[in-house]
């Protein structure tokens, strides 16, 4: 998603340069736009009519590419999550111009000044998006959530749905949401804790004016509705993953635990932020205590996300259990097909399995080639994210040349020391000898070049 928010457009010039450097597409080729316009006019003919079900969506207020809608029912002590996912495959055919362009892009690219979507807006923000302005084709996954938060996939079907409301994180009330929403989220969160999951989403960073032409990087408080809504997606992704594994097929999201060096660096980062992390406490256990409303703890949550070895995709292999360390579970991406290419194929495989059909050959073949395509797309997105952060740090520090900062060394080698500033979420490398990880140092900001997105510090103590 977005690296950070720039409501005052302080980054505008630098963002234009980033878009140019990384060749962020401004639009789509004419043949892709023409194919999307034709696809948007298609009339669904193989979808069940579920327009009477009270589906709603819950997203940022400005979002128009709505992948998910949901309703919740009770079944004894269980809750049934009816999770409707945009039926992208209904609009996109294998090998057509839209599909070919999507394979080139891999995923939607997000920058503070806008996004480069995976699919043309006439689909991603129109006919395929689960907006509340008319029936939309969808794939509905029925996920059974037990009292202890265990999830199973009860079924999947193609259906027409009609969203009752486009709810927004910053204005939604409990009365707007289906009965059982809060309880379902609680069950999923309790199950995460029980299995030792370390999932924690840091809040968005925001560039804001600090007066006198200066800017600061702050964290926008994360809203409870965001975390509760994420639980619905998590439940569906886990239920789908278990179904795929049991049928010896699929594409999975996997991630290793941070290695010993990354853990040591994080302990030094915690020290820089003056956070108390007991020596005997694991990273996972400590991460679950963090409060995103505290700026230092929010910054540390961001540091944890950046410290991992990175998540990746892998197809099913006999005898290998796909594992996502942060989720402490087998996990698949299925709930964002408008924004991630891989999800479309996982949706199609799950739909086939749930209805007793073989997984289409084109889908099975895609599972073998998608990891490389998605890795390339994610690497590009990661490069853009880092460039945006570098730009924001340069803008924030541009009025502080000559100022002194306290910092802590997070690691050191013959190229110098990596330091974490104590009062800002900034990590830089400085020339330094005779220092070791964990050492407190004093540095001076020497230069800032906003155009090059670079800052340099010198050690003074």
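Computed from the coordinates by the stated procedures, all read-outs in this text should not be read as laboratory data. All of these numbers come straight from a predicted model, not from anything done at the bench. Cβ sites come from the backbone with ideal geometry, for glycine too, and all protein chains shown count toward neighbours.
Couple of notes before you dig in:
- From helices alone, the chain scores -11000 deg cm²/dmol at 222 nm; the rule is -39500 (n - 2.57) for each run of n ≥ 4 DSSP H residues, then divide by the residue total.
- Paired Rg and Dmax values of region 1-121, which use every Cα atom, in angstrom: 18.3, 57
- The three principal axes of the C-alpha atoms in region 172-241 carry coordinate ranges of 51, 31, 20 Å, sorted with the longest axis first.
- Option label - Rg and Dmax of the Cα atoms in Å computed here, alternatives (i) 23.1, 72; (ii) 21.9, 68; (iii) 24.0, 72: (i)
- Note: relative contact order over region 404-459, using C-alpha pairs below 8 Å and six or more positions apart, is 34 percent.
- In terms of other Cβ atoms within 10 Å, 188, 263, 85 run from fewest to most in the order 263, 188, 85.
- For peptides 419-431, 362-374, 330-342, sequence by mean Cβ density within 10 Å, most packed first: 330-342, 419-431, 362-374
- Using equal-weight Cα scatterers in the Debye expression, the normalised intensity of region 404-459 in log10 at q = 0.18, 0.19 Å⁻¹ is -0.53, -0.59.
- Ordering 132-141, 444-453 by mean Cβ neighbour count within 10 Å, with the highest value first, yields 132-141, 444-453.
- In region 120-208, one over the average inverse separation of all distinct C-alpha pairs is 16.3 Å, which is the Kirkwood hydrodynamic radius.
- Extension gain, residue 414 to residue 216, is 68.1 nm, computed as 0.36 nm per intervening residue step minus the present C-alpha separation.
- Relative intensity of region 1-51 on a log10 scale, I(q)/I(0) at q = 0.20, 0.21, 0.32 Å⁻¹, equals -0.83, -0.86, -1.18, per a Debye sum over C-alpha point scatterers of equal strength in the absence of solvent.
- Relative contact order [Cα under 8 Å, 6+ residues apart], the chain, whole percent: 17
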